[in-house]
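Enquirer: First the structure, which I've put down as structure tokens, then a few questions once you've had a look.
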Amino acid sequence: MEDTNSSIYALKTSVGQERNVARLLARKAKMPGVGILSILVPESLKGYILVESVTKIDLRNPNLKVQHLRGVVEGKGGITFDEAKRFLKPEPIISSIQKGSIVELISGPFKGERAKVVRIDESREEVVLELIEAAVPIPVTVKADQIRIIQKEAD
């Protein structure tokens with residue numbers, strides 16, 4: 001539950017280094033005077049982590065010197081618990097994919113290829129794609145987490 005004495009702060013990190021910064025901060029959280037209670041690394045928030053602390057986060061504190069930590073997002077009183085709660089259960093990627101969208105495969109044998117979404121199977125979280133640059137249109141079935149949306153379907 002939410003503690004009335006703690007606040008949630010957003011910390012800027014190098015993009016792609018969020019988990020490393022969280023691990024290093026978790027180690028340093030055990031030191032006296034740091035006051036960090038919990039750390040959240042939201043997948044949908046690139047370059048940021050959320051930290052719950054009983055003390056104000058001050059990067060001048062030598063205990064908080066961590067590689068790839070860039071700064072604290074300034075604001076009055078930090079982030080509310082309700083704002084942070086939406087990162088606890090992220091929206092599945094399959095819900096943002098539409099038929100006709102242009103996507104890029106990010107893993108598998110067709111990594112780097114562009115494709116058009118032909119069909120979406122939400123129950124199995126699979127997407128049937130048609131490779132754009134292929135000479136013959138080949139339907140390819142992949143998991144939804146193996147693609148990245150480049151362009152949504154034009155209305």
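Enquirer: So which of Val73, Val103 ends up being at pLDDT 90 or above and either farther than 30 Å from Thr55 by Cα or of a type outside the set (Ser, Thr, Tyr) (or both)? Spell out the reasoning first.
Expert: Working: Val73 fails: at pLDDT 90 or above.
Criteria check complete, one pass: Val103.
Enquirer: Further question on the same structure: So which residues in segment 127-147 are in contact with a helix residue (DSSP H, G or I) (Cβ under 7 Å, 6 or more places away or on another chain) and either open to solvent by 100 Å² or more (accessible area, probe 1.4 Å) or farther than 14 Å from Ile102 by Cβ (or both), if there are any at all? Let's see the steps before the verdict.
Expert: First, the residues of segment 127-147 that are in contact with a helix residue (DSSP H, G or I) (Cβ under 7 Å, 6 or more places away or on another chain): 127, 144-145.
Of everything in segment 127-147, those that are in contact with a helix residue (DSSP H, G or I) (Cβ under 7 Å, 6 or more places away or on another chain) and either open to solvent by 100 Å² or more (accessible area, probe 1.4 Å) or farther than 14 Å from Ile102 by Cβ (or both) turn out to be Ala144, Asp145.
Enquirer: Within segment 64-116, work out how many residues are hydrophobic (A, V, I, L, M, F, W, C) and open to solvent by 50 Å² or more (accessible area, probe 1.4 Å). Walk me through how you get there before you give the answer.
Expert: At the first step, the residues of segment 64-116 found to be hydrophobic (A, V, I, L, M, F, W, C) are 64, 66, 69, 72-73, 79, 81, 84, 87-88, 93-94, 97, 102-103, 105-106, 110, 115.
Checking the rest, the ones that are also open to solvent by 50 Å² or more (accessible area, probe 1.4 Å) come to 73, 81, 88, 93, 106, 110.
Summing the residues that are hydrophobic (A, V, I, L, M, F, W, C) and open to solvent by 50 Å² or more (accessible area, probe 1.4 Å) in segment 64-116 gives 6.
Enquirer: Continuing with this model, one more query. Just checking, does segment 12-34 include any residue being in the same structural domain as Leu59 (by the TED database), open to solvent by less than 20 Å² (accessible area, probe 1.4 Å), under 20 Å from Phe81 (Cα atoms) and in contact (Cβ under 8 Å) with a residue 60 or more places away in the chain?
Expert: Checking segment 12-34: not a single residue is in the same structural domain as Leu59 (by the TED database), open to solvent by less than 20 Å² (accessible area, probe 1.4 Å), under 20 Å from Phe81 (Cα atoms) and in contact (Cβ under 8 Å) with a residue 60 or more places away in the chain.
Enquirer: Residues being within 22 Å of the chain's Cα centre (by Cα) and either in a helix (DSSP H, G or I) or of a type in the set (Ser, Thr, Tyr) (or both): count how many of those fall in segment 18-37.
Expert: Narrowing segment 18-37 to residues within 22 Å of the chain's Cα centre (by Cα): 18-27, 36-37.
The next check asks that each one be either in a helix (DSSP H, G or I) or of a type in the set (Ser, Thr, Tyr) (or both); those that pass are 18-27.
The number of residues fulfilling the criteria is 10.
Enquirer: Given the conditions (1) under 23 Å from Lys46 (Cα atoms); (2) basic (Lys, Arg); (3) not assigned by the TED database to the domain that holds Tyr48, report the number of the one that Arg119 does not fulfil.
Expert: Arg119 satisfies every listed condition except (1).
Enquirer: For segment 38-47, what are the residues that are assigned to a strand (DSSP E or B) and either under 30 Å from Lys143 (Cα atoms) or over 18 Å from the mean Cα position of the chain (by Cα) (or both)? First the steps, then the outcome.
Expert: Filtering segment 38-47 for residues assigned to a strand (DSSP E or B) gives 38-40.
Of everything in segment 38-47, those that are assigned to a strand (DSSP E or B) and either under 30 Å from Lys143 (Cα atoms) or over 18 Å from the mean Cα position of the chain (by Cα) (or both) turn out to be Ile39, Leu40.
Enquirer: Out of segment 46-70, which residues are of a type outside the set (Lys, Arg), closer than 16 Å to Lys12 by Cβ and at pLDDT 85 or above?
Expert: Once the filter is applied, which keeps residues that are of a type outside the set (Lys, Arg), closer than 16 Å to Lys12 by Cβ and at pLDDT 85 or above, segment 46-70 yields Gly47, Tyr48, Ile49, Leu50, Val51, Ser53, Val66, Gln67, His68, Leu69.
Enquirer: Continuing with the same structure: For segment 73-116, how many residues are among the basic types (Lys, Arg) and more than 24 Å from Lys46 (Cβ to Cβ)?
Expert: If we filter segment 73-116 for residues that are among the basic types (Lys, Arg), which is where we start, we get 76, 85-86, 89, 99, 111, 114, 116.
Now narrow it down to the ones that are more than 24 Å from Lys46 (Cβ to Cβ): 76, 99, 116.
The qualifying residues number 3.
Enquirer: Kindly check whether there is at least one residue in segment 48-69 that is in a strand (DSSP E or B), at negative phi and among the small types (Gly, Ala, Ser). Spell out the reasoning first.
Expert: First, pick out the residues of segment 48-69 that are in a strand (DSSP E or B): 48-53, 69.
Applying the additional criterion that residues be at negative phi yields 48-53, 69.
Right, trim to among the small types (Gly, Ala, Ser) and you get 53.
Yes: one or more hits.
The values are calculated or read from the model by the stated rules, or taken from the named source; none is laboratory data. Please read these numbers as outputs of a predicted model, since none were measured by experiment. Counting neighbours? That spans all protein chains shown, and the Cβs are built from the backbone with ideal geometry, glycine included. Side chains included, ligands, DNA and RNA excluded: accessible areas come from the protein's heavy atoms. Shrake-Rupley method; radii C 1.70, N 1.55, O 1.52, S 1.80 Å.
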